[in-house]
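The structure appears right after this line, and notes come after that.
The values are calculated or read from the model by the stated rules, or taken from the named source; none is laboratory data. Fair warning: this is a prediction, and the values are worked out from it, not measured in the lab. Here the Cβ is made from the backbone with ideal geometry for all residues, glycine too, and neighbour counts use every protein chain on show. The accessibility values were calculated without ligands, DNA or RNA, using every heavy atom of the protein model including side chains. Shrake-Rupley method; radii C 1.70, N 1.55, O 1.52, S 1.80 Å.
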Amino acid sequence: MSGPSKFQPTHPALKWFEARLPIVSLMYDSFVAYPTPRNLNFLWTFGAILSFILVIQIVTGVILVMHYTPNVDLAFTSVEHLMRDVNYGWLMRYAHANGAAMFFFAVYIHMFRGMYYGSYKEPREVLWIIGVIIYLLMMATGFLGYVLPWGQMSYWAATVITNLFSAIPWVGEPIVTWLWGGYSVGNPTLTRFFSLHYLLPFVIVAFVVLHVWALHVVGQNNPAGVEPKSDQDTVPFTPYATMKDLFYFSAFMLLFFWFVFYLPNYLGHADNYIPANPSVTPAHIVPEWYYLPFYAILRAIPNKLAGVIALFASILILAFLPWLDTSKVRSGTYRPLFKIFFWIFVAVCILLGWLGAKPAEGGYVIAAQILTAWYFLHFILILPVIGLIEKPLPVPDSITEAATGGHKKKVGVAGAIVALAVLVGLAAGTGKAEAAGEQPKPPQLTWTFAGPFGTYDRAQLQRGFQVYREVCSACHGLSLLSFRNLAEPGGPGFTTEQAAAVAAEAKVKDGPNDQGEMFERPGRLADRFPSPYPNPQAAAVAFNGVAPPDLSVMAKARTYERGFPTFVFDMLTQYQEAGPDYIAAYLTGYEDPPADFKLPDGGNYNKFYPGHATAMPPALMDDLVTYTDGTPQTAQQYAKDVAAFLMWAAEPHLEARKRLGFQVMIFLLVLTGLLYFTKKKIWHEVEKPREIAHGQDPKATKI
Amino acid sequence: MTNPSLPSEPTRRDFLYIATGAVGAIGAGFTLVPLIAQMNPDASTIAAGAPIEVDLAPITEGQVIKVTWRGKPIFISHRTAEEVKQAQSVPMSQLKDPQTDQDRTKTGHEQWLVVIGICTHLGCIPIAKSGEYNGWFCPCHGSVYDDSGRIRQGPAPLNLAIPPYRFVSDSKIEIG
């Protein structure tokens, strides 16, 4: 970025353009000729990975907006419409939702890398602070986006987070009212959050440009923490850094798509598949995993205002890191004492994340308070003091010396991978934690749709539909499904005529007609399933005050706590059947209450229902529905069949998703392998100093 | 491998680079498929575009009604015997987009003209029973259609399009 450009155009047209707008030379100097330290390890590729994810988020986000309706009455159904009807809509949404999680996963590695190798130290303070600003913007954007599907967690996240501002003395209440645009979270809140969620990513892009600009002014830090001194210490960005970045990005995409195609709802909350209900708060409300440590800090402090201040301080303190760390040595590799406290700090963050997902009671609160204290002490006491008292190891004279001697750095890298894997695992899984209490776990059943090659059992879906129609549909709607879905590929496999016959038996309200009157007509394939009650209030009145919930996404809206370490293994086994397991167990989980259990009026004892007192009476019994295919007519079988049917109802494109996932995985494995060998080939000359000694300048390589 | 002067090495390396680039390009190409396909009509829109039935009984002779199919206005004109005769007798040489009236109606149901009510110029909706040919007149840019919906004057290049339809019975059609 300093001195005359290395780009010397020869073509007259390019010369003409360069003289007027030197953007080609800017790109050339920034992304081709730009010298990067030769000893960068894979942790340095996360900057590029983050840039790519930002692009993915913006592209998928712009597409989601084409199908989304920011209105409290339509937001939830428009998201479901996107998932069910829009071509590849499910892919766009799952990529966007999991992309957010991957964005944070990558940014945490990026940040911890910066902290370990002292990347914030002079002259990179401004670069670091811009990074903190980007992180803050990311947190805001992630939160705003989480509100948009307008599920239960969306609504209550919006309520809780905006209420943070009510802690401000005197003006807190007016500020919150102003944020809401009303007296509670409502339609004005949703529309402004939508607007800001569209705006902020582009603000992030602007700050990323500043971040990269600042980076290219001061140059990259490196694992040795010493500045490049000679040409031998650096290699040109292209092809060396580009190929390395592409290889690691491709490898990262394997992880990303593992979630998108096989565990799309693993990192989310089942409760967010329940439409927002301003009068009922979910039993256990926790943020997404990437906010959990800060949530733990917020709850650790028993005073409202102090808690909010601690929450914001825990993020803002990062901006002061360049001045809190008093050590002159940059890289943690040469700081034996710092290294220990760095890993303790990582562990503290992980544990805070775990506590953030636990209920705020008893020992959890005390542990969170101790760890919160340590979190802040790390910055304001430990870092300044160890910088003064620590005796660092000898720092290498040059990058080349560091790169050609010893394997010591690899240990730290391996440790970082392990620790961060645990961080993600712990935080992600505990995020799924449900309300505490003694709760037997539903038995894990065998489902044909489980695993990477799972498909629905057509006969089972047809039986399940029969059970729904003859039993469940008396009280429960299936309002997000259309009759045509019954005949669509990947579903129960009814013929179009069969689906049309099912539709024709239903009465659908239509109109107004020429006379301006509403009328009833037989259903058509394009119609949605009519609900048994005109509105939730009517249903509630008919059922003792508790409206039977709609079953369209029930299989994704219910889960149970998997516990540690099962939830970690779930990532590998692709366990996504908590919903149907729970439904099957619930439907057959009725029994007589224990003697000491006080069953409320109108309640039924169910051993799998959280709290045990459920409003729904047992609905299934042996021989209730007559199967025509010889399947045993037991309540157990009915429950399993209807649970499978509801899984299809909630996730109609499951088969297409897993099929495409397999193709994408195979493709990515091939691409990643090819990129690995290409990268190796290109770097071969750099990593073989013998050849350099023979007078072959590796940087002479052109692609 | 270790000796860079071996002549075989550049070829092998070039092959690796080309293979990597090609696979990457294929991946980028396939990535575009869902990004583009998502803008095509979704399943609910397609389902809602299913055929509709229209009862012709209430339409009196000389009347033109407008129904909607797939979001498009469909004109159904119950023509008088005189109008049919006039439409059938126009010499082809006078037509910009030559087409006989018989080609634009169903045999045995010549009194019924069913056209998509969208001007073939730039998509405005023409006004029925107006213009000098007793057909349609488009107020946007002055295209004039006759009582068979054929373009006679103005900038529109083609006759009003005929939607797919069939007679379910003498007094009922299914459009689509």
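Candidates B:32, A:502, A:148 compared by Cα position along the dipole of the protein assembly as shown: farthest toward the positive end lies B:32, with charges placed on Cβ.
FRET efficiency for residue A:126 and residue A:281, Cβ-Cβ distance as r, R0 = 41 Å, nearest 0.05? With a Förster radius of 41 Å, E is 0.45.
Under 18 Å of direct C-alpha separation, and excluding same-chain neighbours fewer than eight residues apart, residue B:66 reaches these aspartates and glutamates: A:514, B:53, B:55, B:146, B:147, B:174. When the Cα positions of A:675, A:589, A:354 are compared along the charge dipole of the protein assembly as shown, A:675 comes out farthest toward the positive end, with charges on each C-beta of Lys, Arg, Asp and Glu. Separation of the stretch A:39-82 and the stretch B:22-82, taken as the distance between their Cα centroids, equals 31 angstrom.
With all protein chains kept in place, the per residue accessible area of chain A amounts to 45 square angstrom at a probe of 1.4 angstrom. Put the Cα centre of the stretch A:516-543 next to the Cα centre of the stretch A:448-513 and the gap is 17 Å.
Residue A:505 exposes around 130 Å² of accessible area when a 1.4 Å probe is run over every protein chain in place. Rolling a 1.4 Å probe across all protein chains gives residue A:374 an accessible area of roughly 80 Å². A 29 angstrom limit on the alpha carbon distance is what I want to check against. Which of A:391/A:680; A:507/B:172; B:106/B:129; A:6/A:229; A:229/A:391 exceed it? The pairs that break the limit, which is 29 Å between Cα atoms, are A:391/A:680.
The modelled label-to-label distance for the pair residue A:564/residue A:414, using points 7 Å beyond Cα in the direction of Cβ, is 2.4 nm.
The residues A:596, A:570, sorted by heavy-atom accessible surface at 1.4 Å with ligands and nucleic acids left out, run A:596, A:570 from largest to smallest. Principal-axis analysis of the Cα atoms of chain A puts helix A:635-650 at an angle of about 50° to the longest axis.
Heavy-atom accessible area for residue A:184, with the other protein chains in place and a 1.4 Å probe, reaches approximately 60 Å². Counting only other chain Cβ atoms within 10 Å of each residue's Cβ, the peptide B:36-43 averages 6. Distance from the Cα centroid of the stretch A:284-323 to that of the stretch A:169-208 is 20 Å (rounded to whole angstrom).
When A and B come together, around 2100 square angstrom of accessible surface is lost from both chains combined, probe 1.4 Å.
Measuring nothing but how far apart in sequence close Cα pairs (under 8 Å, 6+ apart) lie, relative to its length, chain B scores a relative contact order of 18 percent.
Annotation for the stretch A:466-547: trypsin sites (Lys or Arg not before Pro) lying in DSSP loop with at most 14 further Cβ atoms inside 10 Å of their Cβ do not exist. Sparsely packed loop sites in the stretch A:546-624 (the trypsin sites (Lys or Arg not before Pro) outside DSSP H, G, I, E and B with at most 11 other Cβ atoms within 10 Å) comprise A:598.
Inter-chain neighbour count for A:675-686: the average number of beta-carbon atoms from partner chains within 10 Å of each residue's beta-carbon is 3.
Ranked from largest to smallest solvent-accessible area, with a 1.4 Å probe on the protein heavy atoms, B:144, A:126, A:218, A:280 come out as A:126, A:280, A:218, B:144. For residue A:59 and residue B:129, a Förster radius of 60 Å and the Cβ-Cβ distance give a FRET efficiency of 0.75, rounded to the nearest 0.05.
For the protein assembly as shown, the spread of Cα positions along the three principal axes, ordered from largest to smallest, is 106, 91, 63 Å.
Interface burial in the stretch A:50-93 reaches 50 Å² or more for A:87, A:88, comparing the full protein assembly with the chain by itself; accessible area from heavy atoms with a 1.4 Å probe.
Between the listed residues A:253, A:74, A:34, the Cα displaced farthest toward the positive end of the dipole of chain A, a dipole computed from Cβ unit charges relative to the Cα centre, is found at A:34. Rounded to the nearest 20 debye, the dipole size of the protein assembly as shown about its Cα centre is 2920 debye, using +1 on the Cβ of Lys and Arg and -1 on the Cβ of Asp and Glu. For the listed peptides A:15-21, A:295-301, a ranking on the average number of other beta carbons within 10 Å per residue, highest first, reads A:295-301, A:15-21.
Under 12 Å of direct C-alpha separation, and excluding same-chain neighbours fewer than eight residues apart, residue A:339 reaches these aspartates and glutamates: A:390.
What do you reckon, how do A:676, B:17, A:266 stack up by accessible area (1.4 Å probe), largest on top?
From most exposed to least exposed: A:676, B:17, A:266.
Kindly rank B:84-97, A:489-502 from highest to lowest mean number of other beta carbons found within 10 Å of each residue. List each step's numbers first, then the result.
Details: B:84-97: 13.1, A:489-502: 16.4.
Those peptides, ordered most packed to least, come out A:489-502, B:84-97.
Annotation for the stretch A:156-197: chymotrypsin sites (Phe, Trp or Tyr not before Pro) lying in DSSP loop with at most 10 further Cβ atoms inside 10 Å of their Cβ are A:170, A:183. Counting only aspartates and glutamates at least 8 places from residue A:607 when in the same chain, those with an alpha carbon closer than 12 Å to its own are A:438, A:591, A:592. Among the protein heavy atoms of the protein assembly as shown, carbon and sulfur supply 65% of the accessible surface, probe 1.4 Å, non-protein parts ignored. The helix-only estimate of mean residue ellipticity at 222 nm for chain A, built from DSSP H runs of length n ≥ 4 each weighted as -39500 (n - 2.57), is -17000 deg cm²/dmol after division by the residue total.
Once R0 is set to 35 Å, what does the formula 1/(1 + (r/R0)^6) return for the Cβ-Cβ distance between residue A:498 and residue B:168, expressed as a FRET efficiency to the nearest 0.05?
Here the calculated transfer efficiency is 0.95.
Count Lys and Arg as plus one, Asp and Glu as minus one, and take only other residues whose Cβ is under 11 Å from that of residue A:576; the net charge is then -1.
How many Cβ atoms of partner chains, on average, are near each residue of A:658-664 if near means within 10 Å of its Cβ?
On the way: counts 0, 0, 1, 0, 0, 1, 3.
Per residue, the average neighbour count from other chains is 1.
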